[in-house]
Amino acid sequence: MFPRRDRGLFVPEPIRDRLEASVADAHPVEAGGFLACERDGDWLRAVDHVALANEATDPTRRFRATVDERAPGRPRVFYHSHTSAASPSGLTDTDRRHIPERFALVVFAPHGDAYSYRLFRRGLVRWRELAVAPARTVSQATLPRLP
C-alpha cells in the first residue's frame, strides 16, 4: 500500500486564537505543544490545542518539553514558536535533528504576535513543507508566511 499523501493543515479560527494566545503569553520564551487533528481527506484539521511548558535550559532560543499523557493521539502536529527576529521562520538545523514527530508547525512570532505559520512533514530523507490554511476554502490558500 502506498503512503497517504498529506497536503496540509487546516487551523480553524478558534484553535488559531488559542495557539496565538499561548505564543503571545509565553513571549519572549518559545512556546509549544500539540494540535490534535482529524483527517479531512488528504488534509489534517486541527480540533484541539494542547500547550506544554518549555523545559529548555535556554527557553528564549529553544523549545523542549516532556511528551506525556497530555499529548493527543495521532494524527497530531507538534508546534513551537520562534521568538527572535534572528531565528528563521522555518525549521532550524536543531529542529530537523531533534523533533521526533511526523509533523512540525513553526509559528514565527519575533514580537509576540504570530507573523507566519509554516508546516513541515518528516520524510524518509528530509523535511518537506506543506500548506497551512484557516479553513477549507478555495479563496484562502495559506496562512501568512514569509517568502
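The values are calculated or read from the model by the stated rules, or taken from the named source; none is laboratory data. Predicted, not measured: the structure shown is a model, and the values here were computed from it. Here Cβ is always computed from backbone atoms with ideal geometry, including for glycine, and neighbour counts include all displayed protein chains.
Quick rundown of the values:
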{"quantity": "In the stretch 28-43, residue farthest from R7 (Cα to Cα) [restricted to those that are among the charged types (D, E, K, R) and outside any loop (DSSP other than H, G, I, E, B)]", "calculated": "E38"}
{"quantity": "Residue among A21, A46, A51, A56 that alone is closer than 20 Å to F108 by Cα, of a type in the set (G, A, S), outside any strand (DSSP E or B) and modelled with pLDDT of 95 or more", "calculated": "A21"}
{"quantity": "Scan of the stretch 62-99 for residues that are closer than 18 Å to H49 by Cβ, surrounded by fewer than 12 Cβ atoms within 10 Å (Cβ to Cβ) and either within 13 Å of the chain's Cα centre (by Cα) or of a type in the set (D, E) (or both), ordered by number", "calculated": "D68, E69"}
{"quantity": "Count of residues meeting criterion [of a type in the set (A, V, I, L, M, F, W, C) and at pLDDT below 90] in the stretch 68-113", "calculated": "4"}
{"quantity": "Unmet requirement for V125, which otherwise passes all of (1) more than 17 Å from F34 (Cα to Cα); (2) under 12 Å from the mean Cα position of the chain (by Cα)", "calculated": "(2)"}
